[in-house]
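The values are calculated or read from the model by the stated rules, or taken from the named source; none is laboratory data. Since this is a predicted model, take the numbers as computed values, not measurements. When we count neighbours, we look across all protein chains shown, and the Cβ atoms used for this are built from the backbone with ideal geometry, even at glycine.
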Amino acid sequence: MNTQRVFLIITGAAATAAAVSCSGDKKAQGKPLNVVYIMCDDHSFQTISAYDDRFMETPNIDRLAHEGARFTNSFVANSLSGPSRACMLTGKHSHKNGFTNNEHGIFDGRQQTLPKLLGAGGYQTAMIGKWHLVSEPTGFDYWDILTGQGDYYNPVFIRNGERLVREGYSTDITTDVAFEWLDGRDRNKPFCLFLHYKAPHRSWMPDLKDLGMFDDKEFPLPETFYDDYATRQAAAKQELSIIKDMNVIYDLKMADKENEIHTPEQPELENYGRSLYRQDLEPGQLVPGRMTAAQQGLWDAYYDPIIAKFKEDKPEGNALSEWKYQRYMRDYCSVIHSVDRNVGRVYDYLKENGLLENTVIIYTSDQGFYMGEHGYFDKRYMYEESFRTPLIVRMPGQSKQVDVDGMVQNIDYAPTILEIAGLPIPDDIQGESFLPLLKGSKPDTWRKSLYYHYYEYPAEHSVRRHYGVRTERYSLMHFYNDIDEWELFDLKEDPMQLHNIYGEAGTEILTEELMQELERLQILYDDPIRKKNR
Ligand code: SGN
Ligand code: CA
């Protein structure tokens with residue numbers, strides 16, 4: 001079963017799901033609710049079993065869904081880390097918050113943000129984990145962030161301006177830091193904790209205790225793994241390919257101690273392998289991002305035999321492609337296993353501290369991710385796997401799972417959290433509070449279309465700039481800059497987005513309607529880059 005079909009079935013089920021009334025916002029509850037906002041980096045909905053059970057089990061994330069709401073039509077505004085985080089913090093599209101791409105973006109921390117609004121409303125706030133917005137966080141009472149992308153092992157943090165290295169695995173440490181902050185918080189105030197895991201970002205390095213846990217699993221190859229991109233020139237123009245672009249040394253850790261595996265197509269990576277994590281310095285010294293000798297021993301004990309077998313088997317052609325896919329999935333899912341375990345730790349902490357029934361728990365990712373669909377890894381495109389993002393919200397007082405099928409986007413998070421906190425939503429916020437959807441009702445006026453705009457090109461992975469509109473059934477996108485291509489998909493007839501119907505006879509009226517809707521959204525959101533007249 002492909003992912004899009006999984007979603008269609010979920011969406012169908014949502015229509016019949018019983019509406020559950022949950023005790024919701026501050027007014028209904030009588031006292032302010034706390035919020036724990038958990039955001040992973042690059043966590044695909046395909047690897048959350050509450051959404052899709054083909055790949056792995058995530059019992060702790062699933063529990064949040066079973067005791068809360070699972071959003072089946074959740075999207076981002078710009079499928080990339082920094083931009084996505086800026087959309088979440090401001091409730092505004094990228095062109096309004098100014099952070100359009102990772103390469104050149106520096107978040108202007110003087111602007112209005114969710115933590116500032118919460119702080120003014122009496123909340124205490126903390127930002128812990130991956131930040132990725134270049135400028136220092138503003139508006140939080142406490143911040144303790146990973147530098148840049150963050151490291152998996154022995155990562156560097158900046159705690160309210162002070163650098164420190166913490167020993168251990170990033171996902172565990174990030175949770176530990178959150179617990180320390182929660183332990184020391186002011187108990188007279190409600191809180192909002194932003195808990196941002198660096199995992200499972202490239203290059204998918206598992207917690208050492210989870211190495212090998214998926215080695216007996218053969219992951220099903222996506223139906224579109226060998227996509228030939230016929231009818232979709234913009235889909236072909238990228239460097240996201242598992243077959244072509246995923247590197248066996250950098251991504252799949254196949255560098256042996258002597259760096260004997262060569263990657264002639266990328267000679268600069270030949271000496272990259274083990275230096276990624278090797279501890280070359282004096283014993284006892286903790287090198288940020290590198291493993292200690294003890295950690296390295298566990299790593300080598302796991303990878304050495306795999307490397308030896310890889311060198312012996314020398315897979316080629318499709319065998320190599322599929323070997324890469326299996327290794328990618330094994331590493332990625334092992335990293336998710338640790339995330340899921342830590343979500344369980346957060347749940348237990350809240351329960352043990354009597355906070356579960358007055359705390360809203362949100363679980364999401366900064367965007368979706370390709371698990372080999374279209375042959376891709378990474379994200380960026382407005383195609384479904386990376387346009388969508390998981391979103392699960394556990395509201396206190398709800399006893400069984402509700403599926404919410406309204407289309408929501410990460411610009412909605414700030415206004416939703418403000419409404420949960422019982423605070424006013426400033427007029428210039430572009431998102432909408434989805435609290436009514438959480439309470440089981442979808443207003444007739446709820447949005448029927450979404451706007452998307454991706455900017456990072458020329459850049460790594462070479463996905464062209466594009467904007468587009470998505471309705472419940474159709475997705476129209478325009479790729480621009482050094483390309484001028486339109487793509488139109490009927491998601492009902494073609495959920496895997498293999499058949500671009502743009503320009504086909506019989507689509508004229510539909511195309512015109514979608515063009516008008518795209519223009520309406522570009523005007524509504526005041527995007528200075530607009531579709532040109534065709
Ligand atoms: C890094 C990765 C890319 C990834 C971007 C953006 N390369 O540059 O593969 O697309 O981050 O990811 S790596 O060689 O550094 O691993 S994002 O999630 O931060 O937007
Ligand atoms: Ca990301």
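Odds and ends about this structure:
- The set of residues from region 429-445 being farther than 15 Å from Lys116 by Cα and of a type outside the set (S, T, N, Q) comprises Gly431, Glu432, Phe434, Leu435, Pro436, Leu437, Leu438, Lys439, Gly440, Lys442, Pro443, Asp444.
- Close pairs from region 507-519: first closer than 21 Å to Ile529 by Cβ, partner among the aromatic types (Phe, Trp, Tyr), Cβ under 8 Å, at least 6 apart: Thr511/Tyr502; Leu514/Tyr474; Leu518/Tyr451; Leu518/Tyr467
- Sub-6 Å Cβ pairs linking a first residue in region 91-103 that is within 12 Å of Tyr525 (Cα to Cα) to a second residue that is within 16 Å of ligand 2 (Cβ to nearest atom), at least 6 apart or interchain, are His93/Ala77; Ser94/Asn78; Ser94/Pro83; Ser94/Thr100; Asn97/Ala86, ordered by first then second residue.
- Residue match in region 293-300 (condition: in contact with an Asp or Glu (Cβ under 9 Å, 6 or more places away or on another chain) and either modelled with pLDDT of 95 or more or not polar (S, T, N, Q) (or both)): no
- Failed item, numbered, when Arg163 is tested on (1) in a helix (DSSP H, G or I); (2) free of Cβ contacts under 8 Å to residues at least 24 places away in the same chain; (3) among the charged types (D, E, K, R): (1)
- Gly122 vs. criteria touching a residue at least 60 places away in the same chain (Cβ under 8 Å) and of a type in the set (Gly, Ala, Ser): yes
- Matching residues, region 67-118, being away from ligand 1 (no atom under 14 Å from the Cβ) and among the β-branched types (Val, Ile, Thr): Thr72, Thr90, Ile106, Thr113
- Among the residues of region 288-301, those that are within 18 Å of Asp151 (Cβ to Cβ) and either touching a residue at least 12 places away in the same chain (Cβ under 8 Å) or surrounded by 15 or more Cβ atoms within 10 Å (Cβ to Cβ) (or both) comprise Pro288, Gly289, Arg290, Met291, Thr292, Ala293, Gln295, Gln296, Leu298, Trp299.
- Considering (1) of a type outside the set (S, T, N, Q); (2) closer than 30 Å to Leu355 by Cβ; (3) touching a residue at least 40 places away in the same chain (Cβ under 8 Å); (4) away from ligand 1 (no atom under 16 Å from the Cβ), the lone condition that Phe214 does not fulfil carries the number (2).
- Whichever residue in region 307-342 is surrounded by fewer than 17 Cβ atoms within 10 Å (Cβ to Cβ) and aliphatic (A, V, I, L, M) and, among such residues, is nearest to Asn154 (Cα to Cα): Ala308
- Residue check for Asp378: in contact with a Phe, Trp or Tyr (Cβ under 7 Å, 6 or more places away or on another chain) and not aliphatic (A, V, I, L, M): yes
- Of the residues Leu182, Leu193, the single one that is assigned to a helix (DSSP H, G or I) and either under 30 Å from Ile420 (Cβ atoms) or within 16 Å of ligand 2 (Cβ to nearest atom) (or both) is Leu182.
- Any hit, region 483-501, residues being of a type outside the set (Asp, Glu), within 18 Å of Gln238 (Cβ to Cβ) and not in a loop (DSSP other than H, G, I, E, B): yes
- Residue count, region 347-377 (criterion: among the charged types (D, E, K, R) and surrounded by fewer than 24 Cβ atoms within 10 Å (Cβ to Cβ)): 4
- Members of region 50-100 that are on the phi < 0 side of the Ramachandran plot and small (Gly, Ala, Ser): Ala50, Ala65, Gly68, Ala69, Ser74, Ala77, Ser79, Ser81, Gly82, Ser84, Ala86, Ser94
- Top-ranked residue in region 489-513 [being buried (at least 17 other Cβ atoms within 10 Å of the Cβ) and of a type in the set (Val, Ile, Thr); ranked as farthest from Lys448 (Cα to Cα)]: Ile501
- Number of the exception - Asp304 against (1) away from ligand 2 (no atom under 16 Å from the Cβ); (2) in a helix (DSSP H, G or I); (3) touching a residue at least 60 places away in the same chain (Cβ under 8 Å): (3)
- Failed item in (1) more than 22 Å from the chain's Cα centre (by Cα); (2) within 16 Å of ligand 1 (Cβ to nearest atom), with Thr147 passing the rest: (1)
- None of His43, His66 is buried (at least 24 other Cβ atoms within 10 Å of the Cβ) and not basic (Lys, Arg) except His43.
- Restricting the search to helices (runs of 4 or more DSSP H) fully inside region 339-452 and requiring at least 2 residues that are within 16 Å of ligand 2 (Cβ to nearest atom) gives 384-387.
- Test: Gly98 is farther than 21 Å from Asp378 by Cα and surrounded by 24 or more Cβ atoms within 10 Å (Cβ to Cβ): no
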